[in-house]
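The values are calculated or read from the model by the stated rules, or taken from the named source; none is laboratory data. All of these numbers come straight from a predicted model, not from anything done at the bench. Note: ideal-geometry Cβ built from the backbone for every residue, glycine included; neighbour counts use all protein chains shown. Side chains are part of the model used for accessible areas, which takes the heavy atoms of the whole protein and leaves out ligands, DNA and RNA. Shrake-Rupley method; radii C 1.70, N 1.55, O 1.52, S 1.80 Å.
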Amino acid sequence: MNSTPKRQFALQGAAVILVLSIAWPYYGWKAEAMPWLETSLAIGGVALFFATISRQPWWWRVIHGGFMPLVWYTYGLAIDPIWFLLAAIFLLLVFRGALSGQVPLYLSNKQTVAALADLLVDRGPSRFLDLGAGLGSTTVPLADALPDSHFTGYENAPLTWLVGRFFSLGRPNIRWRWDDLWQAKLGEYDVVYAFLSPAPMPRLWEKVKAEMAPGSLFISNSFPVPGLTPDRIIDVDCNPPRPLYCYQL
């Protein structure tokens, strides 16, 4: 399964080309205006079919199926283009990770934080790294609960980083970094936590093996390392389920 952005553009483009290559000659021969609503729905259906047979994740299938119908609907609203520009800037500031690394913005819930806190208490004072720290929903409450441990958050989306930086103020045991997670030196930490997506997990595991010291712990929220059996799975009591996959180095 390949779900890179280039792949998604190719799938959507193929659907557009296929439908228009049939619709344009047909309606041109009949000397009729092309029905853009029906055409957009046809493109969405074909794109959904392509995404399904290429085994894209479910969210990409939804995006492919609804993208062109949504474009048609939005065009009919006659919205000032400046709003689209502002929306694009906002999405880039908040969801940069989804574009650059196929990592959406996930926020850890209170139950997950409690499970992580229990795990860290058992290990004693730790150096904890949160890769893709978002708004600080994991790092900040852990730092408050465990003042003897030190916490670092890496976040590369500017606006998200800024919000997390604000929440981390006044907590001397937090270091908040605006940086790409691939630049993190994992060997400096006892515990590394990630709540990313299936896409980067194989590459991330190679980085973990290469850099983390023996005895350290890698934890992945919801997304296991493909082909590797975790040393421990913590079933967090929440809905939807958010298991913590723990790998001892």
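Numerical summary
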quantity	calculated
Accessible area per residue, Å², the chain with all protein chains present, probe 1.4 Å	56 Å²
Kirkwood Rh in Å, taken over the range 161-222 so that all alpha-carbon pairs contribute	13.1 Å
Percent RCO, i.e. relative contact order, over the chain, from Cα pairs under 8 Å lying at least 6 residues apart	13 percent
In the range 148-238, the trypsin sites (Lys or Arg not before Pro) that fall in loop regions by DSSP, at most 13 other Cβ within 10 Å	Lys185
Space enclosed by the convex hull of the alpha-carbon atoms of the range 33-81, per residue, Å³	76 Å³
Modelled FRET efficiency - R0 45 Å, Ile233 with Ala78, Cβ distances, 0.05 increments	0.30
Stretchable slack from Leu162 to Asp122, in nm (0.36 nm times residue separation minus alpha-carbon distance)	11.2 nm
Ordering of 29-35, 132-138, 186-192, 145-151 by packing [mean C-beta count within 10 Å, highest first]	132-138, 186-192, 145-151, 29-35
Label point distance in nm, Ala31-Arg55, each placed 7 Å from Cα along Cα→Cβ	5.1 nm
Taking N as its residue count, the alpha carbon Rg of the chain over 2.2 N^0.38 Å	1.24
Carbon/sulfur fraction of accessible area - the chain, other protein chains in place, 1.4 Å, %	66 percent
